[in-house]
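The values are calculated or read from the model by the stated rules, or taken from the named source; none is laboratory data. Since the model is a prediction, treat every value here as computed from it, not as a measurement. Cβ coordinates were reconstructed from backbone atoms using ideal geometry, including for glycine residues, and neighbour counts include every protein chain displayed. Heads up: the accessible areas ignore ligands, DNA and RNA and are worked out on the full protein's heavy atoms, side chains in. Shrake-Rupley method; radii C 1.70, N 1.55, O 1.52, S 1.80 Å.
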Amino acid sequence: MLQFIFRRLLLVVPTFIGITLLTFFLIRLIPGDPIELLAGERGVDPARHAMLMAQMGLDQPILVQYMHYIADVLRGNLGTSISTREPVLHEFLTLFPATVELSLCATLFAIIIGLPAGILAAVKRGSVFDHSVMTISLTGYSMPIFWWALLLMLVFSVNLGWTPVSGRIDVTYWVDDVTGFMLIDSLLSDDKGAFISTLSHLILPSIVLGTIPLAVIARMTRSSMLEVLGEDYIRTARAKGLAPKRVIFIHALRNALIPVITVIGLQVGTLLAGAILTETIFAWPGVGKWLIEAIHRRDYPVVQGGILIVATLIILVNLLVDILYGVVNPRIRHNK
Amino acid sequence: MALLSIKNLTVTFGEGDNPFRAVDRISYTVDEGEVLGIVGESGSGKSVSSLSVMGLIDYPGKVKADELTFDGSDLLSLSANARRKITGDDIAMIFQDPMTSLNPCFTVGYQIVEALKVHGGGSKKELKARAIELLKQVGIPAPESRFDNYPHQLSGGMSQRMMIAMAIACNPRLLIADEPTTALDVTIQAQIIDLLVNLQKARGMGLILITHDLALVAEVAHRIVVMYAGQIVEMAPADQLFVTPRHPYTQALLRSLPEHSAGHARLQALPGVVPGKHDRPQGCLLNPRCPYATDRCRKEEPGLQPYPGNSARMVKCFYPLNDEGSPAV
Amino acid sequence: MSESTLTRNTVQANQPPSPLREFWSYFRTNKGALVGLWFIVAIMVVACLAELVAPHSPFEQFRNALLQPPVWQEGGSWEFILGTDDVGRDILTRLIYGARLSLMIGCSVVVLSLSVGIVLGLLAAYFRGVVEVAIMRLVDIMLALPSLLLAIAIVAILGPSLLNSSLAIAIVSLPHYVRLTRAAALAEISRDYVTSARVVGAGPLRLMFITLLPNCLPPLIVQATLGFSSAVLDMAALGFLGLGAQPPTPEWGSMLADALQFVQRAWWVVTFPGLMILLTVLAFNLMGDGLRDALDPKLKH
């Protein structure tokens, strides 16, 4: 098992190097050099320009520059934001919990609805329920979520007034920042109203962000379940006289979940991309909104650092999924 | 009274006025301690008929029968719950491909204990002890350590032994073995058959042995049922069937065996294939492939009748073969 | 007599339907796929004939009809069937021209990424070794990033515009085609017909594009259809974020973004562009599903 994990870890290294290469050259593809970028509209006089170039090591060969970049990255130095003068990593870390909180709620929403819907659709294959699940999930999969967000907002916030329009919590509440997760922090604050406010702020964004993963999970669960239900070992289980519930939930589901877990893990990418849109619409102070604003402000260190961190996170989650896959599937665990 | 009694069992797939009959009005009985061989080409409805005895035919398949009784109780009128109490307990089944018939996610020990638990139960320790005892009975070396193996760690022969252990776990009175050796190496096949027969004798079980391998049932079965396109075409005591086949199809099957065609220059094969969903002929289903077919065979369908002068034998043919192997006209 | 029956049956069985016919008969049974196909055909016709079909010019501003509701609501008129936006442009007209834009972008994105993807995938499968490792590593890295994020990063460098965002989407959809082509080509390359072509003396180019490629096409056709839908969707997302088409281009995503501030007053300015995106993407996905079922030999029998 350890060997299995180690081998997977080794495979991640080249991918990570590739990502750093990408972000390193990304910034160099932009017309104009970094000094001019930093100076912006004002411009820089040539003498000062040369001095800054030397100071930042930009006059050295590209390979050396890359080595410096890697060394910085490994030390956790991802540069400073041009607009706020804050270290990029620090900005990221303060905003990240908000994105994680939203993504987790969205994933939870997607799993709680998508998994049972997929299982039931497979068990009742060909029924009206099955057809509805398939149609709804394909619609969800095709959904432009920014529009979906607006529609939900229009109906539930504007017309019905059930949920707040944007933000993480009502402005009348003040909650101490302990963990960065508003749900936990508001619980700790002992103010019931704050917790309820936080929860109601989470509902619409979670639904919006969870829509595509929900569709993917439901479809994947259904097809995986259908495949497993046709396997010989399901017939064996039934021949033992097991109750249908036991056959479906113990014998079939365990096997059907293996690809589903992989798919849920792969949704991390979808979630982070979706977070950019969702956070922008709901004014959710998270990483996605931060990145888009940085692009509009042409704050390149933030763009560069942000993309590097997000990509690294996705790789790590995929690695985790891979390892988890090995734990669930004994055939992988025993060598091969 | 017969242990299992089937009368006019029909299994259909598909909707409409003319659904496909995978099994077509078959009747047979199995007694306690009897080995019944069911023989036929693939697609002849052997497996489907036994799955319907197990209650494992799913929608869109439909099972109909005038009688389907096990030990006097009508299986078709039982509730799904009551039916499951019999399935896996009194009637057990093993399948063709042992490698895919065991759940890859659980240890074999777990899967055997599960069978014990669902039809009886007992403490965890007891169950494990019984499971290991079963593994010993089916001839698995070092059963204690094999108990914790996953299916992919076992060979095909070993997996089939596990399947047998699981099937006999609850002391079934009837065991159905559906092509139990087809997926195994030739060297293992005889071992598995020996094991099945020894267990059958020791426990006095009824055994239905389904196979397309005539040579195999010849040695083991007491009585043999020959199926073609979902129908029974001949039923006879094993020793008689091999000497004097009464149905042209049985004759053709026997002639395709190497040991039966010693006198001929080459093996005789039956031309054509078993009719499928769309190409069922009128009259006797065998008529396009039958060398003796007459106009009557193409228009009318013969019934399964006792062979004149021998009530132990049934044959579904207008012109059953005589002792010389030619049709009685 | 019995022999003649046999021969007759064999003759019938020996005349399989033509591949195209067979494909169509499978495809036709999938109602969703048919609906998708007809929707796409309809929208293509409308997009091609935009000048003839559209009631107005997409840029003409009717100053006396700002934010006019659709015809069935109070205050609506037949002149502006789906209403007007905040500067008095006809929404139906802009939707029609938007359809033309979306289909054109989808088409060029798919053609570009498909052709480059096929070449890279075939190279990887044919030459193996270093070439394969280099190409597949690059693909892995690109797949590690969510496509929208990567597209945003590329647009961030190149600058927001319609052309740049199309290019970005083409780049990010590349990995799927490379992977599919390579996988299909690897499966085919060990077949006997390839070996025999090689023995006869076919050169690498002929082997790759004439011998191998046609046999790798089915999964690529399916992926291209699905790629079309994700191109439309990503384009709209970029437009919505202000990174794609710039105003006043009638692009569905940017139409939505422009209308954001009027959400509460005029539901129609948001609803219709989004609905068009959803329906178009859904149509392509339905068709892609149908194509996969019809082309996948595993599911056929």
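Excluding ligands, DNA and RNA, what is the accessible area buried between chains B and A, summed over both sides, using a 1.4 Å probe, to the nearest 100 Å²?
On the way: alone 15560 and 19000 Å², together 32210 Å².
That pair of chains buries around 2300 Å² in total.
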Whose amide H sits under 5 Å from the amide H of B:D24, counting only residues 5 or more places off or on another chain, with H placed in the peptide plane? B:V11, B:Q231
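Which value at 222 nm does chain B reach when only helices count, each DSSP H run of 4 or more adding -39,500 (n - 2.57), with the total divided by all residues and rounded to the nearest 500 deg cm²/dmol? All intermediate terms of the calculation are to be shown ahead of the outcome.
On the way: 12 runs with 105 residues, N = 329.
For chain B, the value works out to -9000 deg cm²/dmol.
What is the mean number of Cβ atoms from other protein chains located within 10 Å of the Cβ atom of each residue in peptide A:301-314, rounded to a whole number? Write down the numbers at each step before the final one.
Details: counts 0, 0, 4, 2, 0, 2, 6, 0, 0, 5, 7, 1, 0, 5.
Rounded to a whole number, the mean comes out at 2.
Compare B:K64, B:K7 by solvent-accessible area with a 1.4 Å probe and give them largest first, with all protein chains kept in place.
Numbers: B:K64 125, B:K7 105 Å².
Most to least solvent-accessible, the answer reads B:K64, B:K7.
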Give the Cα extents of chain B along the principal axes, in whole Å, largest first. 67, 47, 36
How much accessible area does A:F129 have with a 1.4 Å probe, in Å² rounded to the nearest 10? 80 Å²
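For the ranges C:168-179, A:109-120, B:85-96, what's the packing order if you count other beta-carbon atoms within 10 Å of each residue, average per peptide, and put the highest first?
Details: C:168-179: 24.7, A:109-120: 20.6, B:85-96: 23.2.
Packing order, densest peptide first, comes out as C:168-179, B:85-96, A:109-120.
Report, for segment B:173-243, the % of DSSP beta bridges that are antiparallel, rounded to 5. Walk me through the numbers on the way to the answer.
On the way: 6 of 11 bridges.
Of those bridges, close to 55 percent are antiparallel.
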So the FRET efficiency between B:E301 and A:R246, C-beta based with R0 = 45 Å and rounded to 0.05, is 0.55
Based on Cβ point charges of +1 for Lys and Arg and -1 for Asp and Glu, what charge dipole magnitude is obtained for the protein assembly as shown about its Cα centre, in debye rounded to the nearest 20? 1680 debye
Using a 10 Å cut-off on Cβ to Cβ distances, tally the other chain neighbours for every residue of A:273-284 and report the average as a whole number. 3
Mean other chain Cβ within 10 Å across C:269-282 is 4
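Evaluate the relative contact order of chain C (contact order divided by residue number), counting alpha-carbon pairs under 8 angstrom at least 6 apart; express in whole percent. Spell out each step's value before the answer.
On the way: 413 pairs, mean separation 70.1, N = 301.
The value is 23 percent.
Does segment A:266-312 come out rounded, prolate or oblate, given a ≥ b ≥ c as the square roots of the eigenvalues of its C-alpha gyration tensor, rounded meaning a/c under 1.5 and, failing that, prolate meaning a/b above b/c? Mind showing how you got there, number by number?
Working: a/c = 2.60, a/b = 1.13, b/c = 2.30.
It comes out oblate by the Cα gyration axes.
With the contact rule set at Cα under 8 Å and sequence spacing of 6 or more, what percent relative contact order holds for segment B:1-120?
Values: 142 pairs, mean separation 32.2, N = 120.
For segment B:1-120, the relative contact order is 27 percent.
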Measure out, as a whole number of angstrom, how far apart the alpha-carbon centroids of segment C:106-179 and segment A:200-273 sit. 30 Å
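Which entries in the list A:K245/B:K46; B:K7/B:K62; B:K7/B:K85 go over 26 Å, if you measure between the two C-alpha atoms of each? Walk me through the numbers on the way to the answer.
Numbers: A:K245/B:K46 29 Å; B:K7/B:K62 16 Å; B:K7/B:K85 23 Å.
Cα-Cα > 26 Å for A:K245/B:K46; rest within.
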So for chain A, using the alpha carbon gyration tensor with a ≥ b ≥ c as root eigenvalues (a/c under 1.5 gives rounded; past that, a/b versus b/c decides prolate or oblate), I'd call it oblate
In sequence order, calculated HN-Hα J values of segment B:75-85 (Karplus, 6.51, -1.76, 1.60; Hz; x Gly/Pro): 5, 6, 8, 6, 6, 4, 5, 5, 4, 5, 5
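How much FRET efficiency would the formula 1/(1 + (r/R0)^6) give for A:Q65 and C:V71, where r is the Cβ-Cβ distance and R0 is 56 Å, rounded to 0.05?
Values: r = 62 Å, r/R0 = 1.11.
Computed FRET efficiency for A:Q65 and C:V71: 0.35.
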Percentage relative contact order, chain A, counting C-alpha pairs under 8 Å, at least six apart: 26 percent
Residue-wise, which Karplus ³J(HN,Hα) couplings in Hz belong to segment C:145-154, taking 6.51 cos²θ - 1.76 cosθ + 1.60, θ = phi - 60°, and x for glycine or proline? 9, x, 4, 5, 5, 5, 4, 4, 4, 5
Those aspartates and glutamates that a straight Cα-Cα span of less than 16 Å connects to B:K117, excepting residues fewer than 8 apart in one chain: B:D89, B:D90, B:E126, B:E133
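Taking the mean number of other Cβ atoms within 10 Å as a proxy for protection, how do you rank A:307-319, C:60-72 from highest to lowest?
Values: A:307-319: 20.5, C:60-72: 14.6.
Ranking the peptides A:307-319, C:60-72 by packing returns A:307-319, C:60-72.
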Karplus-derived 3J(HN,Hα), 6.51/-1.76/1.60, for each residue of segment A:261-272, Hz, glycine and proline x: 4, 4, 5, 4, x, 6, 6, 4, x, 4, 5, 5
How do the peptides B:52-60, A:213-221, A:147-155 rank, highest first, by the average count of neighbouring beta carbon atoms within 10 Å per residue? A:213-221, A:147-155, B:52-60
If you line up the long axis of helix C:129-144 against the longest principal axis of chain C, both from Cα atoms, how many degrees apart are they, to the nearest 10? 30 degrees
Amide H neighbours of B:I176 under 5 Å, counting only residues 5+ apart in sequence or on other chains, H built in-plane at 1.01 Å? B:A92, B:M93, B:I94, B:I208
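Which value at 222 nm does chain A reach when only helices count, each DSSP H run of 4 or more adding -39,500 (n - 2.57), with the total divided by all residues and rounded to the nearest 500 deg cm²/dmol?
Values: 14 runs with 242 residues, N = 336.
Using -39500 (n - 2.57) per qualifying helix, the result is -24000 deg cm²/dmol.
R0 = 30 Å: FRET efficiency of B:S77 with B:N18, Cβ-based, nearest 0.05? Each step should come with its number before you reach the end.
Details: r = 28 Å, r/R0 = 0.92.
The calculated FRET efficiency here is 0.65.
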Report, by chain and number, residues whose modeled amide H sits under 5 Å from the one on B:I224, excluding near sequence neighbours (fewer than 5 apart, same chain). B:G37, B:A236, B:A238
Most mobile of C:G239, C:G76, C:G201 per a Gaussian network model of chain C (Cα springs, under 10 Å)? C:G201
Measuring from label point to label point, each 7 Å out along Cα→Cβ, what is the C:S115 to C:L34 span in nm? 3.6 nm
Taking Cα centroids, how far is segment B:272-311 from segment C:202-258 in Å? 59 Å
By how many nm would the segment from A:H90 to A:T172 grow when fully extended, if each residue of separation counts as 0.36 nm and the alpha-carbon distance is taken off? 26.8 nm
